[in-house]
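Quick notes on the structure that follows.
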């Protein structure tokens, strides 16, 4: 076991051996198709139904399609690194497990803590968005006056989000294969809706709406200033990060949220029948599918209406894909899109929770969080971890508004991508003997490009997002030294009791 103290690493062999530990064994029943469905299920969701219109109206104008391309390239580079890692270390935990094998326990803890932020916050944020779409659908069916929230004193309770989290927690506890089947049905529905947007919306495109493709900076608002300004814009002496080149770059960093999910495929490697082949196919296949759909949708929506009509309203009202159809007088199509979004966000929350549970499970198996959370039930799922995650996400989604959570999720995910991209290069050098079902081509060039692309997107997030991220990481360091380091099982190899 190389390394000591904070730098002690957990060998790949030990990680794989732990997957057969009695009482914490996951059931292997997923195929490459299941993983591709999971990837598409979680990626096609909040980003395409909500972020596309808002980003175009507030930051990029019609160039939101280029923003998707930039974000997609960064994700594609990182996806290649994830694919090699997942085929080499087919163990639950994704970036956490990979970091443990390459950088040591402390970095593994940091990335695990970071993934807790990514998945938990994303689950809660998307669940509140789901509740908003539920309100829209209920109003369409039963008339105005229907609400998915109610007040208890000064506290707002989002019963719609609570209902979703409770249902999904039960589904995830029932088994991963069942979750995959449900996800496949719902994913098929939302892919049809997305194709409907592209095909039907094409007939409402007006070429004039693409001019200017990148609106000049002076046409933007002054909202993206101060701590709400991007780090790059601030360093470069810009006064705002709305529209212009700064807006395009900020938009790419924001729509990156739409791609979050392909890394979750890697967290299910331990439950896959042939991980060395299936996981790379699931990761790269799902990412390729959604990138094409995202660019097509963004081109259609910004061609249907002027980007200025998609800007966030003075009362904070956010525009969606449905807005573009409503502004063209096609209200029935807007209602169909709202129903599709409701279905789409359902699978997003489910797969985000799945990723959160698997990371927590992996950390518990190593003792860095309470070991009992790594117990699996008769169905081969970590029931205790599932219930805990369900309770925490339900509390966050029920009592806290979504706010500007997308950027918090983005910075956490990009940080994970940087470590995975660096880690795959380290492991290739330190353990060239390991069998690899997939190898990143042109390494280390691809790895360096992946790191550079992710860091570039990170500096185009707001100063406030960076400040919040540092605070969360600081809390994680304290928790590690108070609990995780003392309870770690790396040197003890304590069997499940």
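Out of 79, 108, which single residue is at pLDDT 85 or above and farther than 25 Å from residue 479 by Cβ?
On the way: 108 fails: farther than 25 Å from residue 479 by Cβ.
Every option except 79 fails the conditions.
From 301, 349, which residue is within 20 Å of residue 251 (Cα to Cα) and surrounded by 24 or more Cβ atoms within 10 Å (Cβ to Cβ)? Write out each step before concluding.
Numbers: 349 fails: within 20 Å of residue 251 (Cα to Cα).
Result of the check over 301, 349: 301.
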Self-check item: Residue tally, condition closer than 13 Å to residue 364 by Cα and modelled with pLDDT of 90 or more, over region 481-497
Solution: 1
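Of everything in region 3-40 that's in contact with a strand residue (DSSP E or B) (Cβ under 7 Å, 6 or more places away or on another chain) and at pLDDT 75 or above, which residue is surrounded by the most Cβ atoms within 10 Å (Cβ to Cβ)? Break it down stepwise before answering.
Filtering region 3-40 down to residues in contact with a strand residue (DSSP E or B) (Cβ under 7 Å, 6 or more places away or on another chain) leaves 28, 30, 35.
Next, from what is left, pick out any that are at pLDDT 75 or above: 30, 35.
Working: 30: 27, 35: 29.
Going through the qualifying residues, I end up with 35.
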Self-check item: Checking residue 280 against (1) at pLDDT 80 or above; (2) within 20 Å of the chain's Cα centre (by Cα); (3) buried (at least 24 other Cβ atoms within 10 Å of the Cβ); (4) over 21 Å from residue 418 (Cα atoms), the condition it does not meet
Solution: (4)
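If you scan region 132-176, which residues turn out to be without any contact (Cβ under 8 Å) to a residue 40 or more places away in the chain and either within 30 Å of residue 33 (Cβ to Cβ) or within 25 Å of the chain's Cα centre (by Cα) (or both)? Before you say what the answer is, go through the steps one by one.
The initial filter retains those residues of region 132-176 that are without any contact (Cβ under 8 Å) to a residue 40 or more places away in the chain, namely 132, 135, 138-139, 141-154, 160, 163, 167, 170.
Within region 132-176, 132, 135, 148, 160, 163, 167, 170 meet the criteria.
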Quiz item: Of (1) buried (at least 24 other Cβ atoms within 10 Å of the Cβ); (2) closer than 17 Å to residue 308 by Cβ; (3) at pLDDT 80 or above, residue 242 satisfies all except one. Which?
Solution: (3)
Practice problem: Would you mind stating whether residue 316 is modelled with pLDDT of 80 or more, out of contact with any helix residue (DSSP H, G or I) (no Cβ under 9 Å at 6 or more places or on another chain) and in a loop (DSSP other than H, G, I, E, B)? | Solution: no
Quiz item: Which residue pairs have Cβ atoms closer than 9 Å, lie 6 or more positions apart in sequence or on different chains, and pair a first residue in region 191-218 that is within 20 Å of residue 329 (Cα to Cα) with a second residue that is modelled with pLDDT of 90 or more and in a loop (DSSP other than H, G, I, E, B)?
Solution: 201/328; 204/305; 204/328; 206/305; 206/306; 208/306; 209/305; 209/306
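Please verify whether residue 368 is more than 30 Å from residue 200 (Cβ to Cβ), in contact with a helix residue (DSSP H, G or I) (Cβ under 6 Å, 6 or more places away or on another chain) and at pLDDT 85 or above, treating the condition exactly as stated.
Numbers: more than 30 Å from residue 200 (Cβ to Cβ): yes; in contact with a helix residue (DSSP H, G or I) (Cβ under 6 Å, 6 or more places away or on another chain): yes; at pLDDT 85 or above: yes.
Yes: the conditions hold for residue 368.
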Quiz item: Would you pick out the residues in region 412-446 that are more than 17 Å from residue 94 (Cβ to Cβ), in contact with a helix residue (DSSP H, G or I) (Cβ under 9 Å, 6 or more places away or on another chain) and in a helix (DSSP H, G or I)?
Solution: 425, 428, 430, 446
Quiz item: Here are some conditions: (1) assigned to a loop (DSSP other than H, G, I, E, B); (2) touching a strand residue (DSSP E or B) at 6+ places or on another chain (Cβ under 9 Å). Residue 397 meets all but one. Which one does it not meet?
Solution: (1)
Self-check item: Conditions (1) touching a residue at least 12 places away in the same chain (Cβ under 8 Å); (2) under 22 Å from residue 57 (Cα atoms); (3) more than 21 Å from the chain's Cα centre (by Cα); number of the one not met by residue 273
Solution: (2)
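The values are calculated or read from the model by the stated rules, or taken from the named source; none is laboratory data. It should be emphasised that the depicted structure is a prediction, and the values quoted were computed from it without experimental measurement. Here the Cβ is made from the backbone with ideal geometry for all residues, glycine too, and neighbour counts use every protein chain on show.
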